[in-house]
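A.B. asks: Please find one structure pasted underneath; my questions will follow.
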Amino acid sequence: TRTAAVIPAAGRGVRLGPGAPKALRALGGTPMLIHAVRAMAASRGVSLVVVVAPPDGAAEVRSLLDAHALPERTDFLVVPGGESRQESVRLGLEALPHEYDIVLVHDAARPLVPVDTVDAVIEAVREGAPAVVPALPPADTVKEVEPAAVPGEPEPVVATPERARLRAVQTPQGFDRGTLVRAHETVSGDVTDDASMVERLGLTVVVVPGHEEAFKVTRPLDLVLAEAVLARRRL
Ligand code: CTP
Ligand code: MG
């Protein structure tokens, strides 16, 4: 089997605040995307990384990859992304050479995922799961609400799912390639992760242990945490 990683990196990063596209923002002096690429290439199981660049930024991303030291044994492709994360992932999948039968999808915004997590996801797909997600038990109790029509207005609680049964999902998510392609061809509507598309096909998605350092850089405080984690690694 051969495994490729698709890295959607085409988002603006609106929640992070004004500046360059999120994937190109610096973390420890190096673009977040380069950290994410290295995290995928660090796995011996990954032999191709497909970066889905901002629609007008493919050339810039290509030169970034060329300018940073990356493992020799890994191939890299860059394709322009789309309007939504889902579309960006689909464009990345379309660029995959036929010989790859396992696909990881990894957010550029999760630059610090440890290689052991990547390997655990690949292993579970190799063992036969059509879709695998790394996840952790949430620290907070989670409530379902009736969302307010006006932001900031109080929102009625609809339900409190039993916390012990909940998992907060990370990436890389791993897939049998044919399954993920079929999911992208048949599932439409708002989705926030790839595995949920496979669930909608009626297939079983399995969870493996995630890692605290696989958190997503979404808001400014996440960048503070990411800098601290990186500084600790460099000690
Ligand atoms: N992404 C993408 N194409 C899009 C939107 C998002 O490739 N049209 C990617 C982002 O670059 C990111 C990943 O999907 O690596 C996870 O998305 P998110 O954290 O939401 O990033 P952004 O969409 O950039 O951030 P925001 O939602 O705050 O604008
Ligand atoms: Mg987004």
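A.B. asks: Filter segment 207-235 for residues that are touching a helix residue (DSSP H, G or I) at 6+ places or on another chain (Cβ under 6 Å) and either over 15 Å from residue 110 (Cα atoms) or among the charged types (D, E, K, R) (or both) and give the result.
C.D. replies: Scanning segment 207-235 gives 208, 213, 219.
A.B. asks: Next question. Could you pull out the residue among 225, 180 that is among the hydrophobic types (A, V, I, L, M, F, W, C), touching a strand residue (DSSP E or B) at 6+ places or on another chain (Cβ under 7 Å), at pLDDT 95 or above and assigned to a helix (DSSP H, G or I)?
C.D. replies: Only one candidate qualifies: 180.
A.B. asks: Which residue is farthest from ligand 2 (Cβ to nearest atom), if the candidates are limited to segment 26-58 and must be more than 21 Å from residue 71 (Cα to Cα) and surrounded by 19 or more Cβ atoms within 10 Å (Cβ to Cβ)?
C.D. replies: 57
A.B. asks: Within segment 1-12, track down each residue that is buried (at least 23 other Cβ atoms within 10 Å of the Cβ) and either within 14 Å of ligand 2 (Cβ to nearest atom) or within 16 Å of residue 54 (Cβ to Cβ) (or both).
C.D. replies: Across segment 1-12, the qualifying residues are 6, 7, 8, 9, 10.
A.B. asks: All but one of (1) aliphatic (A, V, I, L, M); (2) surrounded by 14 or more Cβ atoms within 10 Å (Cβ to Cβ); (3) assigned to a loop (DSSP other than H, G, I, E, B) hold for residue 139, so report the exception by its number.
C.D. replies: For residue 139, the failing item is (2).
A.B. asks: Here's a follow-up. Which of the helices (runs of 4 or more DSSP H) found entirely inside segment 1-95 contain at least 3 residues meeting this: of a type outside the set (Asp, Glu) and away from ligand 1 (no atom under 11 Å from the Cβ)?
C.D. replies: Counting at least 3 such residues, we get 32-41, 58-67.
A.B. asks: Which number in (1) under 15 Å from the mean Cα position of the chain (by Cα); (2) more than 16 Å from ligand 1 (Cβ to nearest atom) marks the one condition that residue 111 misses?
C.D. replies: Condition (2) is where residue 111 drops out.
A.B. asks: Separate question: Quick one: is residue 79 surrounded by 14 or more Cβ atoms within 10 Å (Cβ to Cβ), at pLDDT 95 or above, away from ligand 2 (no atom under 16 Å from the Cβ) and under 25 Å from residue 29 (Cβ atoms)?
C.D. replies: no
The values are calculated or read from the model by the stated rules, or taken from the named source; none is laboratory data. Not measured: the values here are computed from a predicted model. In this analysis, Cβ positions are derived from the backbone assuming ideal geometry, glycine residues included, and neighbour counts consider all displayed protein chains.
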